[in-house]
Amino acid sequence: MRNNNIRSNGDSLEEKILNRIPWEVFGLSFFLAVVASFIFDIGTGLFVLAGGALSTVNFIWLNQTLSKVLLREKRKALKTSGIVFALRLVLILAIFFIIIFFFSKKIIAFAAGFSSIIVVLMFEALAVMSRLKTWKN
Amino acid sequence: MMAMSSLGLMLPSSIAVGLFLGYILDKALGTRPWMLIVFFLFGAASGIYNFLRGLNKLQEDKEKDEIENEEQ
């Protein structure tokens, strides 16, 4: 019983973190976009924000895919959700290609926004680790 | 959470590294945008490959856990 309580608390905490990560990614990219607009130009800021938005959408899609993989039992289901996610990835790659071909000077700004998820995930991992250390102590 | 984080990091980090290398090489060699395209493709391919491998491993771990639970 106690074990179940601990597990459900852990699960709800995980769910909370997973739900807030997309908001944090978008918030960070918005902040970076504002900074980039001041340092460079508004166009650069918009590309950073667009990269952050794409990263947010990518994480939401990933979350949905993984939830399906973990809930469903059959291997066929894994392939189906894998294919759906692969098609979404193709869409993301197409967006990158459009930017490379038509706005190649702004690709680093877009990549910076798209990579903002790396910073957010590192921050969340550190926060979870510090919380675990507190529980241990 | 761990799986989500590692899978979530794979694609953006691979693409970012590929784009960065491509951008630097393009600047150095004056071949814009070809190096950018080539290294972006390398990054995307490695990201997708690692993502699919991670997804497969996750599913295998899940199946192993289920078998162990059934045995108990």
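The values are calculated or read from the model by the stated rules, or taken from the named source; none is laboratory data. Worth saying up front: this structure is predicted, and the values here are computed from it rather than measured. As a convention, Cβ positions derive from the backbone with ideal geometry for all residues, glycine included, and neighbour counts pool all protein chains shown.
Would you confirm whether or not the range B:19-38 contains a residue that is in contact with a Lys or Arg (Cβ under 6 Å, 6 or more places away or on another chain) and assigned to a helix (DSSP H, G or I)?
Going through the range B:19-38, the residues in contact with a Lys or Arg (Cβ under 6 Å, 6 or more places away or on another chain) turn out to be B:26.
Imposing the further condition that a residue be assigned to a helix (DSSP H, G or I) reduces the set to B:26.
Within the range B:19-38, one or more residues are in contact with a Lys or Arg (Cβ under 6 Å, 6 or more places away or on another chain) and assigned to a helix (DSSP H, G or I).
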* Mind checking which residues of the range A:34-58 are polar (S, T, N, Q) and in contact with a Gly (Cβ under 9 Å, 6 or more places away or on another chain)? -> A:SER37, A:SER55, A:ASN58
* Taking B:LEU55 as meeting all but one of (1) more than 10 Å from chain A (Cβ to nearest Cβ); (2) part of a helix (DSSP H, G or I), write down the number of the exception. => (1)
* Asked: In this structure, does A:LEU18 turn out to be more than 16 Å from B:LEU55 (Cα to Cα) and not in a loop (DSSP other than H, G, I, E, B)?
  -> yes
* Can you tell me which of B:GLY43, B:GLY18, B:GLY8, B:GLY47 is buried (at least 17 other Cβ atoms within 10 Å of the Cβ), in contact with a Leu (Cβ under 9 Å, 6 or more places away or on another chain), farther than 16 Å from A:ALA94 by Cα and at the interface with chain A (Cβ under 10 Å from one of its Cβ atoms)? -> B:GLY8
* **Exclusive hit being of a type in the set (Lys, Arg), over 18 Å from the mean Cα position of the chain (by Cα) and surrounded by fewer than 18 Cβ atoms within 10 Å (Cβ to Cβ), set A:LYS106, A:LYS79** => A:LYS79
* Asked: When you look at B:ASN69, is it exposed (fewer than 14 other Cβ atoms within 10 Å of the Cβ) and assigned to a helix (DSSP H, G or I), yes or no?
  -> yes
* Kindly establish whether A:ASN63 is under 25 Å from A:LEU18 (Cβ atoms), within 11 Å of another protein chain (Cβ to nearest Cβ) and at pLDDT 90 or above. => no
